[in-house]
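Contents: one structure, followed by commentary.
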Amino acid sequence: MLAPWAIDEFRGVDLNDKRLNRRAVIVATQFGSIGESSPDAMNSTTQQKATIGRKSKRQPGRTKSTANLDALYRFVRNQKVTPKALLQPHSESTVQRTTKYDRVLLVQDTTEVNLTKPKRQVIGAGPLSSNSSFGFYLHPLVAYNLAGVPLGSVACHHWTRDAIDCESTPEEKKLKRNALPIEDKESYRWLEMVRRGQEIAAENPGTEYVGVSDSESDIGEVLGQMAMRPENYHLILRACQNRAILSDDDSSPHDDSSEPLLAKNIQEALSQGSVRYKATTNVRGRTAKTAVERRVRQQSRKDRTADLEVRAVSITIRVKLAASSQVDDQVVPRTMTLNVVEAREVNPPDGEPPIHWILLTTLPIDTEEEVRAIIDAYKIRWLIEILFMTLKSGLHLEELQYRELSRYLNATMMLLVVAWRVQCLTQVGRDAPDTSCDEYFDAAEWKAAQLVSDPSNPLPATAPTMGEFMILVAELGGYINRRQQGPPGVRTIWRGIRRLETLATAYRAFGPEAHETYGL
């Protein structure tokens, strides 16, 4: 059976071929059921055959499952199928979902997809961290509501690198980078996504959009783009540069007391600002990827609770536009005012790097509530890392066996939609537990799960809530529902969804309503 979510997200796909358009929904359903494309999970149903419109001719010895697997491979290598066309209907649906909220966060980040194979390398893959590992880079722009529920991807950029320069010195590499316009640099992706967010905001004035990104996006051209932003678009990015600020009488940075601060850079301005409030936060532990990691933000640390001091000031900087900025029909100011929010850990444990966030934003900082909202919005940025984990560890993107990069990219766009759905269901179960599960699952799915969970009792007359049902799904994935147990994660939910698909298929074939479909 075609998955309702696949029909919704790929209904408007345009691959210049009606048969390919119909096949896209079938392939999305297959990816949504198995992720890693195992042949035994590729069984087609009667309704899928009806959608195709005709029976396929089978060669001697070919099974139904291998025939459908072959069809999937033919689909991803078809020249009419492109990553942009596959993601377009989902992006349009996502933008429509964002209009239901007063404020939406547009989070962007980059992940590397390692396609290094032991025997045969993927044609078209480029080097990653070295010339011995190959793959591509993925950079989506994902919409979240303020509760952290993902609404989908509104854009996605991908690229490969040329061979890594191992001959030039670091100083020579820096000179080469500085000589290039931003359009020719990898960092241009940050500016592209900000512009895309501004386009969405201009088209939907009833919703406020906030772009959120990490320290790699601290680029002059990205900040300069804010001089041309729509009124309903804002930015929050983590600073990595202690930027110089203007300090003449007319543009001095100031705090909430409106007294001028005599400072030359961001850090000096913050040190002169007063503490707005104190807070605590839970710090997630991590393990450094290498034993010689020197970057503070990548070093190992343990789980702990951190005491924070929060400051907020306004600064004025010069506007730096990208070469491709279209400014012919508008007056662009030479300077702009940004707000800066700092969260600094007080008395960190010995040997532990302190938590220290400096966030540049166009959002107001007049009240404590506004400052808290900025920090809370940046915390949601972490959820895009969970999306990447779902895409690679849950759906096994890097373990697919394609010969050419173009096929991986087509599969990635479809798996990106699947990963969104898994994360969405997980977050809704946590943050909107009273929502009826029939908004996300059909009757066969929730009824099958109920029967397996509690076979001794009759089915309830109404669908359970998402909080109740996602626990059932998690238990199908191996979750042990104990009082001291934390909420289920995306990996457990993903395993549960895979089993749920099988149970729902059996329910449709043999359950109480089977006679309506199969005449039993």
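The values are calculated or read from the model by the stated rules, or taken from the named source; none is laboratory data. Predicted, not measured: the structure shown is a model, and the values here were computed from it. As a convention, Cβ positions derive from the backbone with ideal geometry for all residues, glycine included, and neighbour counts pool all protein chains shown.
Taking the stated definitions as given, is TRP494 at pLDDT below 85 and within 27 Å of LEU387 (Cβ to Cβ)? The answer is yes for TRP494. In region 375-429, the residue that is surrounded by the fewest Cβ atoms within 10 Å (Cβ to Cβ) out of those that are of a type outside the set (Phe, Trp, Tyr) and not in a helix (DSSP H, G or I) is GLN401. Return yes when ARG161 is out of contact with any helix residue (DSSP H, G or I) (no Cβ under 9 Å at 6 or more places or on another chain) and within 30 Å of VAL490 (Cα to Cα) and no when it is not. When the stated conditions are applied, ARG161 does not pass them. Can you confirm whether region 451-468 contains a residue that is at positive phi, surrounded by 12 or more Cβ atoms within 10 Å (Cβ to Cβ) and not in a helix (DSSP H, G or I)? No, because not a single residue in region 451-468 is at positive phi, surrounded by 12 or more Cβ atoms within 10 Å (Cβ to Cβ) and not in a helix (DSSP H, G or I).
Kindly indicate the residue of region 142-161 that is part of a loop (DSSP other than H, G, I, E, B) and touching a strand residue (DSSP E or B) at 6+ places or on another chain (Cβ under 7 Å) and also farthest from TYR408 (Cα to Cα) among those meeting that condition.
Among those residues, the one meeting the criterion is LEU146.
Within region 242-260, restricting attention to residues that are modelled with pLDDT of 90 or more and over 23 Å from PRO353 (Cβ atoms), which residue is surrounded by the fewest Cβ atoms within 10 Å (Cβ to Cβ)? Only one residue fits best here, namely ALA244. Before we move on, is PRO458 modelled with pLDDT under 90 and more than 30 Å from ARG381 (Cα to Cα)? Spelling it out, PRO458 is indeed modelled with pLDDT under 90 and more than 30 Å from ARG381 (Cα to Cα). Do you know which of the residues in region 110-135 that are in contact (Cβ under 8 Å) with a residue 60 or more places away in the chain and crowded, with 19+ Cβ neighbours inside 10 Å is farthest from the chain's Cα centre (by Cα)? This residue is VAL122.
To keep it simple, each residue is scored yes or no on (1) within 19 Å of LYS84 (Cα to Cα); (2) of a type outside the set (Phe, Trp, Tyr); (3) at pLDDT 95 or above.
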residue	(1), (2), (3)
ARG103	no, yes, yes
THR111	yes, yes, yes
LEU115	no, yes, yes
LYS119	no, yes, no
TYR144	no, no, yes
VAL149	no, yes, no
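The single condition among (1) at pLDDT below 85; (2) part of a helix (DSSP H, G or I) that GLY486 does not satisfy is (2). Given the conditions (1) at pLDDT 90 or above; (2) touching a strand residue (DSSP E or B) at 6+ places or on another chain (Cβ under 6 Å), and given that ILE164 satisfies all but one, which numbered condition is not satisfied? ILE164 satisfies every listed condition except (1). Cβ-Cβ contacts under 6 Å between residues 6 or more apart (or on different chains), taken from a first residue in region 136-148 that is farther than 16 Å from GLU92 by Cα to a second residue that is of a type outside the set (Lys, Arg) and assigned to a strand (DSSP E or B), are listed as PHE136/VAL113; PHE136/HIS158; TYR137/GLU112; TYR137/TRP159; LEU138/THR111; LEU138/VAL113; LEU138/HIS158; HIS139/HIS157. Of everything listed in (1) in contact with a Lys or Arg (Cβ under 8 Å, 6 or more places away or on another chain); (2) of a type in the set (Phe, Trp, Tyr); (3) outside the structural domain of LEU223 (by TED's automatic domain parsing), the single unmet condition for TRP420 is (1).
Only residues in region 8-31 that are of a type in the set (Lys, Arg) count as the first member; pair them with residues that are modelled with pLDDT of 90 or more, Cβ under 7 angstrom, at least 6 apart or cross-chain, and list the lot. Pairs found: ARG11/PRO89; ARG23/PHE75. Considering only region 219-229, I want to know if a residue exists there that is in contact with a helix residue (DSSP H, G or I) (Cβ under 8 Å, 6 or more places away or on another chain) and within 21 Å of LEU270 (Cα to Cα). Scanning region 219-229 turns up at least one residue that is in contact with a helix residue (DSSP H, G or I) (Cβ under 8 Å, 6 or more places away or on another chain) and within 21 Å of LEU270 (Cα to Cα).
On the basis of being in contact (Cβ under 8 Å) with a residue 40 or more places away in the chain and within 20 Å of the chain's Cα centre (by Cα), does ARG189 make the cut?
In short, yes.
Checked against the criterion of being closer than 30 Å to ILE471 by Cβ and assigned by TED's automatic domain parsing to the domain that holds LYS278, the candidates ILE386, ILE365 yield just one match: ILE386.
When each of ALA263, ALA239, ALA201 is tested for being in the same structural domain as LEU360 (by TED's automatic domain parsing), farther than 15 Å from ARG318 by Cβ and modelled with pLDDT under 90, the lone residue that passes is ALA263.
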